[in-house]
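The values are calculated or read from the model by the stated rules, or taken from the named source; none is laboratory data. None of these values were measured; they are calculated from a predicted model. Reconstructed Cβ throughout: ideal geometry from the backbone, glycine too, with neighbour counts over all protein chains shown. What goes into the accessible areas is simple: the full protein's heavy atoms, side chains included, and nothing from ligands, DNA or RNA. Shrake-Rupley method; radii C 1.70, N 1.55, O 1.52, S 1.80 Å.
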Amino acid sequence: MRKNSLKDAFRQQQPVINGWLAIPSGYSAEIAGHQGYDSVTVDMQHGMIDFASALAMLQAISATPATPLARVNSNDPAQIMRLLDAGAWGIICPMVSTPEQAQQFVSACRYPPLGNRSFGPARALLYGGKDYPQYANEEILTLAMIETQQGLDNLDAILATDGLDGVFIGPNDLSLTLTGSASAESQHPKMLAAVELVVARCRAHNKVAGIFCTSGQAAAKRLAEGFSFVTPANDVMQLGRASREAVAYARGETPSASGSSGY
Ligand code: 3PY
Ligand code: MG
């Protein structure tokens, strides 16, 4: 089976830079996959992406050096199964707040006896090779999103879930629940403490600590803080930012900044 190079990177303590796609386009996905990202995630939760577009995007990413991942719209075993069958090499699951939810998520990504993924690997066989069914349980990456106070309270129990590779902070949702406003780079003391806690507990459990960021500079800061998996903004933010800059510079003006959520 095609190895999951992200797992090798984590074992060798190499940072993983992950692209993030919200625009439903195989062409955008192909462009992103050729820009040097280690992985590119198709965002089914907040992206404008249906399954047919996700399939085309996973095919496009497969033709690039980047590892294809998907964020599902909820902890839904049926959707997780279809995206894995379509060739996602890892799943990012939003709003995981309890160890039971983490267990349900990981089970959906694993064939029996480790989990309850139904058999029908479809396109995963084409991308991964004929022995995909034998090794998929080892190679598929599983990241649970920490986005709530409850998720933070249960962090150790979530990280103790067998087969869970790590967690990924959704800073907009987490800051919204902790501080009342969504801000991806929030400097609120509650957010600073939460971020520090996640890095420290991931290190203690030898698990991946990931986080969504609003720019390359912000992602570099997160890596320096101890994160191992960072997303330096999504395609929409980058397109918006680059367009605003181009228009402003053409008019001889200073471009306006993005909002604090990154959008
Ligand atoms: C969040 O910041 O809440 C996310 O889910 C990132 O997309
Ligand atoms: Mg979120």
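Values as computed for the structure displayed
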{"read-out": "Subset of region 159-181 (residues that are within 11 Å of ligand 1 (Cβ to nearest atom), assigned to a helix (DSSP H, G or I) and hydrophobic (A, V, I, L, M, F, W, C))", "value": "L174, L176"}
{"read-out": "For V236: the one exception among (1) of a type in the set (V, I, T); (2) surrounded by 14 or more Cβ atoms within 10 Å (Cβ to Cβ); (3) away from ligand 2 (no atom under 16 Å from the Cβ)", "value": "(3)"}
{"read-out": "Pick from region 88-99, criterion away from ligand 1 (no atom under 16 Å from the Cβ) and under 15 Å from the mean Cα position of the chain (by Cα), ranking: farthest from G163 (Cα to Cα)", "value": "A88"}
{"read-out": "Residue selected from region 247-263 under the condition more than 16 Å from ligand 1 (Cβ to nearest atom) and open to solvent by less than 60 Å² (accessible area, probe 1.4 Å), by the criterion farthest from S186 (Cα to Cα)", "value": "A248"}
{"read-out": "Residues that are open to solvent by 20 Å² or more (accessible area, probe 1.4 Å) and either within 16 Å of ligand 2 (Cβ to nearest atom) or not in a helix (DSSP H, G or I) (or both), drawn from region 130-151", "value": "K130, D131, T148, Q149, Q150"}
{"read-out": "Members of region 1-36 that are of a type in the set (G, A, S) and either within 16 Å of V72 (Cα to Cα) or in a strand (DSSP E or B) (or both)", "value": "G19, A22"}
{"read-out": "Meets criteria (in a helix (DSSP H, G or I), in contact (Cβ under 8 Å) with a residue 40 or more places away in the chain and touching a strand residue (DSSP E or B) at 6+ places or on another chain (Cβ under 7 Å)) for A184", "value": "no"}
{"read-out": "R244 vs. criteria without any contact (Cβ under 8 Å) to a residue 40 or more places away in the chain, touching a Gly at 6+ places or on another chain (Cβ under 9 Å), assigned to a helix (DSSP H, G or I) and away from ligand 2 (no atom under 16 Å from the Cβ)", "value": "no"}
{"read-out": "Identity of the residue in region 152-185, within 14 Å of I92 (Cα to Cα) and small (G, A, S), that ends up farthest from ligand 2 (Cβ to nearest atom)", "value": "G163"}
{"read-out": "Matching entry among G26, G36 (being over 22 Å from A224 (Cα atoms) and modelled with pLDDT of 95 or more)", "value": "G26"}
{"read-out": "A122 being open to solvent by 10 Å² or more (accessible area, probe 1.4 Å) and touching a helix residue (DSSP H, G or I) at 6+ places or on another chain (Cβ under 6 Å)", "value": "yes"}
{"read-out": "Qualifying residue in region 84-104 (condition: open to solvent by less than 10 Å² (accessible area, probe 1.4 Å), of a type in the set (F, W, Y) and more than 13 Å from N4 (Cβ to Cβ))", "value": "no"}
{"read-out": "Looking only at region 112-159, and only at residues there that are hydroxyl-bearing (S, T, Y) and within 30 Å of V198 (Cα to Cα), the one that is nearest to the chain's Cα centre (by Cα)", "value": "T142"}
